[in-house]
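Below is one structure, written out as structure tokens, with a few remarks after it.
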Amino acid sequence: MGCTPSQRTLAGGVLRSCVEEYNQGASLFNSKLYSEIQSLNSKLPGARIVYLDIYEPLVDLINNPSQSGFEVANKGCCGTGNIEVSILCNRFNPFTCPNASKYIFWDSFHPTEATYRIIVNQILPTL
């Protein structure tokens, strides 16, 4: 995905823009994955394989953060929010933001719990 803080930092230029070719690649992959899952479901009558699209809801949140109460969509809560991930991000890091619920991303790659709550609440009714 080209709108994660890490990809904005690594490939988004000076303005840290979303990288559209990465977004197009993610969309293409997801459409092919969906088609393959449909095919597998028809070939395997005893199986039920489910495709859950979190890409589009996440892109919608990134493009319209304030509609869902977010204040920061282009960097993570942890550290500088531009490149740090995983183990470097915890409540003991003095640069971790005080309120992660204002951020779409926890670190430079992973959404926050608040983001996942919104996405799950959108997806569950479609199952």
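The values are calculated or read from the model by the stated rules, or taken from the named source; none is laboratory data. Only a predicted model underlies this, so the values are computations on that prediction, with no experimental measurement involved. Surface accessibility is based on the protein's heavy atoms, side chains included, excluding ligands, DNA and RNA. Shrake-Rupley method; radii C 1.70, N 1.55, O 1.52, S 1.80 Å.
Between amide H atoms placed 1.01 Å from N, distances below 5 Å from GLY79 occur with PHE95, THR96, CYS97, all of them 5 or more places distant or on a separate chain.
Probe radius 1.4 Å, ligands and nucleic acids ignored: give me the carbon and sulfur share of the accessible area of the stretch 1-102 as a rounded percent. Mind dumping the intermediate values first?
On the way: 3690 of 6510 Å².
It is 57 percent, rounded to a whole number.
So with the 1.4 Å probe, I'd like the accessible area per residue for the chain, rounded to whole Å². Mind showing how you got there, number by number?
Values: 7980 Å² over 127 residues.
With all protein chains present, the chain gives 63 Å² per residue.
Across the stretch 85-102, coupling constants 3J(HN,Hα) worked out from phi with the 6.51/-1.76/1.60 Karplus curve, θ = phi - 60°, read 9, 6, 4, 6, 10, 7, 5, 8, 6, x, 9, 6, 5, x, 9, 5, 5, 8 Hz, and Gly and Pro carry x. Listed by chain and number, the lysines whose alpha-carbon sits under 22 Å from that of LYS75, ignoring those within fewer than 8 places in the same chain, are LYS102. The angle between the Cα long axis of helix 113-123 and the longest principal axis of the Cα atoms of the chain comes to about 20 degrees, rounded to the nearest 10. Structure remark: mean-square fluctuation, Gaussian network model of the chain, C-alpha springs under 10 Å; the largest value among LYS32, LYS75, LYS102 belongs to LYS32. A simple rule links phi to the HN-Hα coupling: the Karplus curve 6.51 cos²θ - 1.76 cosθ + 1.60 with θ = phi - 60°, which for the stretch 2-16 gives x, 10, 6, x, 5, 6, 4, 5, 7, 9, x, x, 4, 7, 6 Hz, with x for Gly and Pro. A straight Cα-to-Cα reach below 22 Å connects LYS32 with the lysines LYS43, residues fewer than 8 places away in its own chain not being considered.
Averaging Cα coordinates gives a centre for the stretch 87-127 and one for the stretch 5-26; these two points are 19 Å apart.
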